[in-house]
Amino acid sequence: MAHGGDLIAEVLARHGVTHLFALCGGHISPILTGANTRGIRVVDVRDEANAVFAADAVARMTGTIGVAAVTAGPGVTNMATALKNAEMAQTPMIVFGGSTATLLKGRGALQDIDQLSIMKPMTKWATMVKTVPALAPTVERACQIATSGVPGPVFIEVPVDLLYPEEIVRTWYEKEAGMGKAKGIGAKALELYIKGHLYKQFHAPTLPELHMPSLPNLRGDGLVEKAAAAFKAAQKPVIVVGSQTMVGVKDPGRLARALGMLGAPVYLAGTARGLLGRTHELQLRHNRGAALKEADCTVVCGFPFDFRLGYGRGINKAGTLIAANLSSTELRKNRRPDIALEMHAGDFLVALGDRVSSAGDSWRGWTEQLRAGDAKRDAEIAGKAVPAGELVDPLHFFLRMEEAMADDAVLVVDGGDFVATASYIVRPRAPLSWLDPGVFGTLGVGGGYALGATMVRPGKEVWLIWGDGSSAYSLAEFDSYVRHGVAPIAVIGNDASWAQIAREQVEILGTTLGCDLRRTDYHKVAEGYGGVGLVLTDPSRVDATLAEAKAIAKTGRPVCINVHLRKTDFRKGSISI
């Protein structure tokens with residue numbers, strides 16, 4: 001028996017959607033069954049936020065639209081943080097939210113709240129479908145809006161009576177209204193109204209809410225030529241590539257080749273990490289601030305001038321600043337570039353590479369200067385590592401993990417101090433193989449991101465780096481890993497503290513109030529959900545434990561390594577607020 005969920009799934013399948021993440025609910029069940037019938041894999045999770053985080057990961061890693069479905073009321077509000085995280089990360093996504101029947105809106109039905117007022121400020125478009133004929137056109141428009149211009153999430157509220165077959169909905173209405181039993185003119189009028197409403201719902205042609213998305217204003221080749229001329233004339237150029245550069249990209253090799261043709265030093269951030277592989281000669285990882293202060297031409301691709309770039313003030317004012325961004329707001333916020341290109345930053349890189357190929361030899365001395373600084377910083381970090389002693393030194397652990405990871409490994413990071421320490425050492429292996437929350441700095445992304453990553457990279461090593469605090473947000477997704485037959489390797493840095501906050505709080509306010517945790521047996525929690533738990537307290541066992549975790553994951557069982565950390569001041573003074 002066909003239903004509204006089938007109509008939704010047909011559109012999603014046409015747009016190349018391969019996975020739908022959800023937490024079940026009566027309001028949305030037909031969406032799940034419709035997707036399953038059309039070959040879209042339905043992946044159910046233990047928390048609605050993780051459904052959206054997983055869909056976010058799929059969109060970032062594949063260049064397609066991520067899709068999630070959550071039930072009405074608390075299902076929608078539970079996933080709000082994940083949706084806002086996706087909006088700030090500019091991830092193309094569609095989230096379906098269930099809602100009460102159209103006739104019962106605003107009358108006190110179960111889980112009936114004004115969902116659109118919550119969703120509109122954190123999406124590109126939030127709409128409610130009102131008739132079955134409008135379902136497919138609304139989803140088509142949502143796909144267009146999510147991917148056009150500055151990408152982002154779309155929320156579609158679907159009342160439950162648009163999803164089930166007409167015959168079933170009719171019986172619901174008849175039962176609710178007591179049709180056939182009540183007498184009098186009022187009862188007859190109600191019957192006629194319900195029949196008319198049913199006809200309009202299921203048969204009257206209607207159009208979805210009109211919404212024309214703004215498209216990027218590509219200013220033509222004039223500005224690209226101007227940027228190319230400025231870049232060629234530089235003596236000390238630097239390129240910064242941010243996450244937006246990777247949005248919608250299905251062939252990252254094209255962008256990597258363009259950077260190679262440009263031949264200038266490159267700093268990669270966010271989802272762009274890994275674009276040049278593990279050890280490319282142009283890729284730099286440390287001392288970005290110092291390089292930007294000295295550069296005489298800086299190219300910023302798909303990266304806003306926010307706190308990560310010192311609000312633009314950290315870039316040499318005497319040099320030429322070139323920026324490409326899909327957002328006209330981000331392009332000029334805090335710092336106005338000398339050459340501003342409102343276009344996809346990846347397309348700009350390719351166009352620039354075509355015009356400035358083989359110019360890198362003139363910058364070799366500059367590149368080697370920066371590479372020497374990188375090598376020095378790597379040596380300093382390695383020199384701070386203490387392999388022996390009580391418990392495990394985080395620097396030593398990540399130096400060994402860096403060597404243990406497979407060449408095609410995916411990295412998911414979710415935490416504060418432990419994760420930030422990892423970012424100094426572990427190197428993404430390939431394009432679209434690094435997942436972090438983005439500028440929102442959201443804790444709790446890990447469980448969902450790892451689930452999404454394992455779905456689109458079957459058979460690959462997926463490493464989930466968790467702080468002990470952040471792990472609690474989504475450790476229950478080990479249950480989802482087991483049920484869906486995927487095997488990420490989770491590493492929890494257990495220092496019994498919200499360490500990133502505690503370090504500064506103690507120094508400034510003299511107390512650990514609110515920052516203290518326990519050295520909890522997180523590995524046993526993972527075991528309880530069907531995974532394998534390993535505990536690591538002995539530094540001499542680091543290599544053996546990593547090898548054991550890799551071997552277990554290859555058998556198809558998810559692993560959690562509970563790493564008991566010693567205290568360290570490696571990142572003292574690094575908190576961002």
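Throughout, read-outs are computed from the coordinates displayed, never taken from laboratory work. All values derive from a computational prediction rather than experimental measurement. A quick note on method: Cβ atoms are made from the backbone with ideal geometry, for glycine too, and the neighbour counts reach across all protein chains shown.
Compute the signed sum of charges (Lys and Arg +1, Asp and Glu -1) over the other residues within less than 11 Å, Cβ to Cβ, of Met93.
It works out to a net charge of 0.
How high is the relative contact order of the stretch 236-332, given as a whole-number percent (alpha carbon pairs under 8 Å, six or more residues apart)?
Averaging sequence separation for qualifying contacts and normalising by length gives 33 percent for the stretch 236-332.
For the cross-link pairs Lys384/Lys524; Lys376/Lys460; Lys84/Lys333; Lys226/Lys317; Lys124/Lys333; Lys130/Lys195, which exceed 24 Å when the distance is taken from alpha carbon to alpha carbon?
Result: Lys384/Lys524; Lys376/Lys460 exceed 24 Å.
Check cross-link reach from Lys250 to the aspartates and glutamates: straight Cα distance under 15 Å, and skip same-chain residues fewer than eight apart.
Cross-link targets: Asp347.
If contacts are Cα pairs under 8 angstrom and at least 6 residues apart, what is the relative contact order of the stretch 385-564 in percent?
Relative contact order of the stretch 385-564: 25 percent.
Sorting Phe21, Phe155 on the 10 Å Cβ count, fewest up front, what's the list?
Fewest to most other Cβ atoms nearby, the residues stand as Phe155, Phe21.
Charges on Cβ only, +1 for Lys and Arg, -1 for Asp and Glu, centred on the Cα centroid of the chain; of Leu20, Gly66, His203, which one is farthest towards the dipole's positive end?
Going by the Cα projections, it comes out as His203.
What's the Cα-based Rg to Rh of the stretch 488-564, Rh via Kirkwood?
Result: Rg/Rh = 1.10.
Angle between the Cα long axis of helix 48-62 and the longest principal axis of the chain, 0 to 90 degrees, nearest 10?
60 degrees
With a/c under 1.5 counting as rounded, go ahead and sort the stretch 11-163 into rounded, prolate or oblate using the C-alpha gyration tensor (a ≥ b ≥ c being the square roots of the eigenvalues; past the cut-off, prolate if a/b is larger than b/c, else oblate).
Judged from the Cα gyration tensor, the stretch 11-163 comes out rounded (a/c under 1.5).
Per DSSP H run of n ≥ 4, the term is -39500 (n - 2.57); total these for the chain, divide by its residue number, and report the mean residue ellipticity at 222 nm rounded to 500 deg cm²/dmol.
Only helices count here, giving -12500 deg cm²/dmol.
Could you work out the equivalent-ellipsoid semi-axes for the stretch 221-370, taking the square root of 5 times each eigenvalue of the Cα gyration tensor, largest first, in whole Å?
The equivalent ellipsoid of the stretch 221-370 has semi-axes of 19, 18, 16 Å.
Divide, for the stretch 385-564, the radius of gyration over alpha carbons by 2.2 N^0.38 Å, where N is the residue count.
0.97
Could you give the size of the charge dipole of the chain about its Cα centre, using +1 on the Cβ of each K and R and -1 on the Cβ of each D and E, expressed in debye and rounded to the nearest 20?
Around 820 debye, computed over the chain.
Could you list Val486, Val525 so that the one with the fewest beta carbons within 10 Å of its beta carbon is first and the one with the most is last?
Fewest to most other Cβ atoms nearby, the residues stand as Val525, Val486.
Please list 3J(HN,Hα) in residue order for the stretch 519-536, calculated via the Karplus relation 6.51 cos²θ - 1.76 cosθ + 1.60 where θ = phi - 60°; whole Hz, with x for glycine and proline.
7, 5, 7, 4, 4, 6, 4, 4, 4, x, 8, x, x, 10, x, 10, 10, 10
Using the crude model of +1 on Lys and Arg Cβ and -1 on Asp and Glu Cβ, and no other charge, please compute the dipole size for the stretch 385-564 relative to its Cα centre, in debye to 20.
Charge dipole of the stretch 385-564: 540 debye, to the nearest 20.
Below 8 Å, C-alpha to C-alpha, sequence gap of six or more: please give me the relative contact order for the chain in percent.
12 percent
Have a look at His484, Ala453, Gly438 and report the one farthest towards the positive end of the charge dipole of the stretch 385-564, computed about the Cα centre with Cβ charges (Lys/Arg +1, Asp/Glu -1).
The one lying farthest along the dipole's positive direction is His484.
Normalised radius of gyration for the chain, please: alpha carbon Rg relative to 2.2 N^0.38 Å, two decimal places.
Compared with the compact-globule rule of thumb, the chain sits at 1.06.
Under 5 Å between amide hydrogens, which residues at least 5 positions from Ala490 or on another chain qualify, with H placed 1.01 Å from N in the peptide plane?
Here the answer is Leu464, Val559, Cys560, Ile561, since their amide H atoms fall under 5 Å of that of Ala490.
Report, to the nearest 10°, how far helix 364-384 tilts away from the longest principal axis of the Cα atoms in the chain, using its own Cα long axis and a range of 0 to 90°.
The angle comes out at about 80 degrees.
To make sure I understand the rule: partners must be aspartates and glutamates, Cα under 14 Å from the Cα of Lys236, and not fewer than 8 residues away in the same chain. Which ones qualify?
Once the sequence-local aspartates and glutamates are set aside, what remains near Lys236 is Glu294, Asp296, Asp361, Glu368.
Kirkwood Rh over alpha-carbon pairs of the stretch 287-441, then Stokes-Einstein at 37 °C and 0.692 mPa s: what D in µm² s⁻¹, rounded to an integer?
This corresponds to a translational diffusion coefficient of 181 µm²/s.
Once both axes come from the Cα atoms, what is the angle between helix 394-404 and the longest principal axis of the chain, in degrees from 0 to 90, rounded to 10?
So the inclination is approximately 80 degrees.
Quick one: P(r) of the stretch 327-406 from all Cα-Cα pairs, 5 Å bins, percents rounded to integers, in order of increasing distance.
In whole percents, the pair-distance histogram is 3, 11, 11, 11, 11, 12, 14, 14, 9, 4, 2, 0.
If you take the charge dipole of the chain about its Cα centre, with +1 on Lys and Arg Cβ and -1 on Asp and Glu Cβ, which of Phe96, Val410, Asn50 is farthest toward its positive end?
Phe96
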